[in-house]
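Take a look at the structure set out below.
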Amino acid sequence: MKSIGQARRQLPSGFVERLYEILSVSEADQALKALASDRKTALRVNTLKTDIRTVMRSLADKAVKFQRVQWYEDALVLANESEKQAETWDEYADGRIYLQNPSSMIPPLVLNPKPGDSVLDMTAAPGSKTTQMAALMDNRGYILAVEKDFVRHARLQHNVQLMGVKIVESLRGDAERLDQAHQNTFDKVLLDAPCSGEGTFSLSSSQTYRYWSLKLIRRSSSLQRRLLKCAIEAVKPGGYVVYSTCTLAPEENEGVLTAILEELRDQTAILPIRIRFKPTRYTGGIPSFRDKTFHPSVRRAIRVLPSPWHEGFFCALLQRR
């Protein structure tokens, strides 16, 4: 396992400097330690095709060691198996399990779609959260899953079909440009926004961090603000929006929420997240960063800190008034 010192030397220096401003010293040390280690492989059981007990018995027959995720009964973390090894299993090939980091499972749980709901999933590929929401809805209701990239849209369609999802309409298009027919339409909207991906950095793969820059953060936050405004316009009055990213950058998290709250003022509010994800390490949204003070209600959001189990993540629950 690589050390914190190696992480400091190998990761972009600007990212490391900012990390110690965003988090406490102990939290930043732990985050660097996590980014320097190999993250555990995790899976979600697809309850549209099987159940957790059946999958656990099957893994035990394979002599695969695992732990359950305490706050999500259908999720497991594997002790020693890589994703490549898990992808050779029949359970993976026929859609009974989906390889997904536990942090990525949080936004659908916060949105809490119910059977019969109408849901918009913006920037949906590859479909991890789309198919998770379909399972939470027991394949009853409607999900419009939007993805503008041709290759990623094809992957989304493949996963929807593989997982036995029947309630998803996939649309290849730009979520920023949904027409008037999709405004004031949905009970719930999930925006897992494109971001700089800081929470997924790994020293074992330079591809995860080689393109990091402040310019990327600024470009991402601009897109995120536009998408979040579209999400709020798409949900019915009284409906809910979950905004999430896999980055640690305040400009893309608390900064985006603050900009939307200032622009839309009385039209939307951030709600407390009632689910307790312990023992996952997470904090609330931060009140300020450098010369920017954020809206007080951003503290109701949650920041999942990088760990051997978890990617770094950010999640907020909003309601349209």
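Read the figures in this text as sums done on the coordinates, not as results from a lab. Note that the structure is a prediction, hence the values are computed from the model and not measured. As a convention, Cβ positions derive from the backbone with ideal geometry for all residues, glycine included, and neighbour counts pool all protein chains shown.
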In segment 1-60, which residues are buried (at least 16 other Cβ atoms within 10 Å of the Cβ), over 25 Å from the mean Cα position of the chain (by Cα) and within 30 Å of K166 (Cα to Cα)? S58, L59
Restricting the search to segment 175-226, which residues are buried (at least 17 other Cβ atoms within 10 Å of the Cβ) and part of a strand (DSSP E or B)? F186, D187, K188, V189, L190, L191, D192, S202
From the residues in segment 104-160 that are in a strand (DSSP E or B) and small (G, A, S), which one is farthest from A234 (Cα to Cα)? A145
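This table checks each residue for (1) buried (at least 20 other Cβ atoms within 10 Å of the Cβ); (2) polar (S, T, N, Q); (3) farther than 17 Å from E311 by Cα.
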| residue | (1), (2), (3) |
| --- | --- |
| L76 | yes, no, no |
| A79 | no, no, no |
| E83 | no, no, no |
| A86 | no, no, yes |
| W89 | no, no, yes |
| Y92 | no, no, yes |
| I97 | yes, no, yes |
| Q100 | no, yes, no |
With the condition kept exactly as written, say whether any residue in segment 158-170 is under 25 Å from Q67 (Cβ atoms), free of Cβ contacts under 8 Å to residues at least 60 places away in the same chain and surrounded by fewer than 20 Cβ atoms within 10 Å (Cβ to Cβ). no
Could you please tell me which pairs satisfy a Cβ distance under 8 Å, a separation of 6+ or placement on different chains, a first residue in segment 261-276 that is closer than 12 Å to V242 by Cα, and a second residue that is surrounded by 10 or more Cβ atoms within 10 Å (Cβ to Cβ) and small (G, A, S)? A269/S297; I270/S297; I270/A301; I270/A316; I273/A301; I273/A316
Suppose we filter segment 75-103 for residues that are under 23 Å from S58 (Cβ atoms), assigned to a helix (DSSP H, G or I) and of a type in the set (G, A, S); how many remain? 2
Could you go through segment 283-293 and let me know if any residue there is buried (at least 22 other Cβ atoms within 10 Å of the Cβ), free of Cβ contacts under 8 Å to residues at least 40 places away in the same chain and assigned to a loop (DSSP other than H, G, I, E, B). yes
